[in-house]
Amino acid sequence: MSEILLSAKHLKKYYQISSSTLFSSHANRGIVKAVDDITLDIPRGKTLSLVGESGCGKSTLGRTLINLIDPTEGEVLFNGKNIYAFNAQEEKAFRKAVSIIFQDPYASLNPRMKVRDLIGEPLLTHGMKAKKERYERVNELMKITGLKAEYANRYPHQFSGGQRQRIGIARALALNPSLIVCDEAVSALDVSIQAQILNLLKQLQRDFNLTYLFISHDLSVVRYVSDEVYVMYLGQIVEAGTPKALFEKPIHPYTQFLINAVPIADPSIRDREKMILEGDLPSAINPPSGCRFRTRCPYATEICANSCPKLITQGERKFACHHPLM
Amino acid sequence: MIQKTQFFKEIALESKLGRLTPFGFGRKRLKYMMSVEATEAGKNSDLDASKDSKSSKSSKTSKSSKMPSSEQPPRDAEDLVTDEGFWQALFKSIYRDKKALVGLIMVSLFILIALFAPWIVPHDPYAVDMEKVLTAPNKAYVIGTDFLGRDILSRIIYGARISLMIGLVPTLISLAIGTFLGMVSGYFGGKVDYVIMRLADVCMAFPSLLLAMVVMYTLGASLFNIFIALSIVNWGSTSRIVRAQTLSIKEKEFVEAARSIGVGRFKILWRHILPNCIPSLIVLFTLSVPEAIMSEASLSFLGVGAQPPTPSWGLMISRGKEFLFSSPWVAITPGIAIFLVVIAFNFIGDGLRDALDPYTKH
């Protein structure tokens, strides 16, 4: 096992649902457990993926891990030090070492800034004040991400989605970070552009020994890029393992449903009966007792309602289920 | 040299096609037209050729469709994007909106008159001539004289300077204060937000003219104090609007991206929030200018604003109202001036609001 870059210990993020009316301010309507007691390790130079349905807390977890959102409880260790207890100087160094690529390339770039200022902003913030030096580095970054240098003077609205995502990647790479959080980084793009961006990310990982936290709901993408996959359901991790093991022999019923939901490109087996998950994710405000998946699980029994399964480690794999598919 | 001749050629062609616009927006369109014409011409020649042999048609059309790409370096599909910037689009839509265009012309005229007042006045606006008291409009005094025999036209022209100053200075000051407090309030939230918003509430709770009058009574009536009074009165609504904008902008991902980089909070306000508030600030500004001009006129009319012999429009109406029946031109003409300037600014403001509102965009 390689060196651990970032590790989360019992990380929790709860949102208080409060509504202040005229007569009662902050009446408690409940608590949303967006991230509920998550422990994970991200090894250096690897890609760790988080998958799950929309609203399961993937993005919240990703943002909490790099201290864009304050956690309710727990700690995150970066190179062995708790990121929530950083002083100003350590905080600055941490900001330099991590970056994030967002899902929506239309919302993540300030429409009033030129490309070279967008990519140059991290450089400026971290002390590269000289214009000439900065623009040289911007040109270099644009070259790395496959953008033409003459685009530096343009505004984001003059680019297509794929190009904008490249700008976002160039910005994320500007400070030679060690960890990049890719929050649905390719979900908004066409399949052909997706492949380009994924290959770019992979190549950059090889060249600069980057570590990725890859957040996605697209299993085929996850399978392609990851070294390790964590499956999330309603703020908890239900299963983890290498993509090969996970996709070929899922242990948790939820993982199996997720894999079944991926469309198959082969028409000869398309009509095969598949078990598809029905209904929506239960409300995170009042999650089901015991195992959170039991309301949609065909294997659920009494024990599932009574006790919450713990995440068990078995060899390379982890799962949290009373009735594992083994 | 080559560029210059190219430019003249384009101008000539443009005027021939009737596409010459005052802002020169026709050029890009013309270039596009020319390229389309070129390809169509190519196609036509192909059609002529196809009369001889139909079989060769398909191969030739494919050649002609490749023609424009062989002139320019090949551009991938991702390059086909709009080149239209924010200001260009803004002026374009103002230009299309006839009402706003009229407003723009009137305001430009107003500003020019104010700037060049000393050179265009027919008489000295302060020169008292007791022999010509309340002269009716004639050739020498186009809109007559007032009760001290001063030329009203000259006084109105000089009054434009005061109105322009009143329209710009306090508006800019209150806009700056309101924008800063609104951004801080919206971005920082919590107690800061609470305190600033209650202050704004206090300012907005009073009728603005009443509050301005209170300030004027306390500070004493003078033109300079009007600046202060109007700045204090008007920042509240600006801060509310900017706060609302900030609340929506700060949730955007590019602000989060800036935070993830480690950009300081005030730098985020300056670099990311403020530039995205500019569209609403422009509208707010153009709609606040006439309001300030009206307020100054009201204050001066009530006697707590500009003091005689300053040629303020409001003061002129106030002094002229005694002669409203015998010599109506004394009070009515400055009223018309106020009306025209205010309506011109409102035209522009409405046009800008339509142009910048994403919901009314076509």
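Coordinate-derived values only; no laboratory data. Just so we're clear, the structure is a prediction, and the values are computed from it rather than from any experiment. All Cβ positions, glycine included, derive from the backbone under ideal geometry; neighbour counts span all protein chains shown.
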Requested in this report: Check whether at least one residue in the range B:129-141 is surrounded by 13 or more Cβ atoms within 10 Å (Cβ to Cβ) and within 24 Å of residue B:293 (Cβ to Cβ), and report yes or no.
Outcome: no
Query raised in the report: Given the conditions (1) closer than 15 Å to residue B:176 by Cβ; (2) of a type outside the set (Val, Ile, Thr); (3) buried (at least 18 other Cβ atoms within 10 Å of the Cβ), which single one is not true for residue B:270?
Result: (3)
Requested in this report: Go through the range A:197-216 and count every residue that is in a strand (DSSP E or B) and aliphatic (A, V, I, L, M).
Outcome: 2
Report summary line: All-but-one check, residue B:273 against (1) within 20 Å of residue A:156 (Cα to Cα); (2) free of Cβ contacts under 8 Å to residues at least 40 places away in the same chain; (3) within 10 Å of chain A (Cβ to nearest Cβ), failing number (2)
Query raised in the report: In the range A:181-191, which residues are within 12 Å of chain B (Cβ to nearest Cβ) and not in a loop (DSSP other than H, G, I, E, B)?
Result: A:181, A:183
Query raised in the report: Which numbered condition trips up residue A:107, out of (1) part of a strand (DSSP E or B); (2) in contact with a Lys or Arg (Cβ under 6 Å, 6 or more places away or on another chain); (3) among the small types (Gly, Ala, Ser); (4) more than 19 Å from residue A:235 (Cβ to Cβ)?
Result: (1)
Requested in this report: Go through (1) within 11 Å of chain B (Cβ to nearest Cβ); (2) of a type outside the set (Asp, Glu); (3) out of contact with any Gly (no Cβ under 8 Å at 6 or more places or on another chain); (4) surrounded by 17 or more Cβ atoms within 10 Å (Cβ to Cβ) one by one and return the number of the condition residue A:146 breaks.
Outcome: (4)
Report summary line: Those residues of the range B:107-124 which are within 26 Å of the chain's Cα centre (by Cα) and not in a helix (DSSP H, G or I) amount to B:116
Report summary line: If you go through B:231, B:222, B:239, the only one that is touching a residue at least 60 places away in the same chain (Cβ under 8 Å), buried (at least 23 other Cβ atoms within 10 Å of the Cβ) and either of a type in the set (Ser, Thr, Tyr) or within 14 Å of chain A (Cβ to nearest Cβ) (or both) is B:239
Query raised in the report: Would you say residue B:206 is of a type outside the set (Lys, Arg), surrounded by 16 or more Cβ atoms within 10 Å (Cβ to Cβ) and more than 14 Å from chain A (Cβ to nearest Cβ)?
Result: no
Report summary line: Within the range A:234-249, of all residues that are in contact with a helix residue (DSSP H, G or I) (Cβ under 7 Å, 6 or more places away or on another chain) and buried (at least 23 other Cβ atoms within 10 Å of the Cβ), the one nearest to residue A:296 (Cα to Cα) is A:238
Report task. Could you check how many residues of the range A:186-207 are of a type in the set (A, V, I, L, M, F, W, C) and within 16 Å of residue A:42 (Cβ to Cβ)? Result -> 1
Query raised in the report: Restricting the search to the range A:292-309, which residues are loosely packed, with under 13 Cβ neighbours inside 10 Å and free of Cβ contacts under 8 Å to residues at least 24 places away in the same chain?
Result: A:301, A:302, A:306, A:307
Query raised in the report: For residue B:278, are the conditions met, namely being without any contact (Cβ under 8 Å) to a residue 12 or more places away in the chain and within 14 Å of chain A (Cβ to nearest Cβ)?
Result: yes
Query raised in the report: Do we have any residue at all in the range A:243-251 that's within 20 Å of residue A:41 (Cα to Cα), touching a Leu at 6+ places or on another chain (Cβ under 8 Å) and not in a loop (DSSP other than H, G, I, E, B)?
Result: no
Report summary line: Given (1) surrounded by 21 or more Cβ atoms within 10 Å (Cβ to Cβ); (2) within 14 Å of another protein chain (Cβ to nearest Cβ), residue A:40 misses just (2)
Report task. For residue A:102, state whether it is aromatic (Phe, Trp, Tyr), free of Cβ contacts under 8 Å to residues at least 60 places away in the same chain, within 14 Å of chain B (Cβ to nearest Cβ) and within 26 Å of residue A:230 (Cβ to Cβ). Result -> no
Report task. Would you point out the residue of the range A:250-260, among those that are polar (S, T, N, Q) and surrounded by fewer than 23 Cβ atoms within 10 Å (Cβ to Cβ), that is nearest to residue A:296 (Cα to Cα)? Result -> A:256
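Conditions tested, residue by residue: (1) touching a helix residue (DSSP H, G or I) at 6+ places or on another chain (Cβ under 7 Å); (2) among the basic types (Lys, Arg).
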residue	(1), (2)
A:115	yes, no
A:136	no, no
A:166	no, yes
A:178	yes, no
A:183	yes, no
Query raised in the report: Does the range A:208-219 contain at least one residue that is in contact with a Phe, Trp or Tyr (Cβ under 9 Å, 6 or more places away or on another chain) and surrounded by fewer than 23 Cβ atoms within 10 Å (Cβ to Cβ)?
Result: yes
Report summary line: Residue hits (the range A:150-180; outside any loop (DSSP other than H, G, I, E, B), facing chain B (nearest Cβ under 10 Å) and aliphatic (A, V, I, L, M)) are A:172
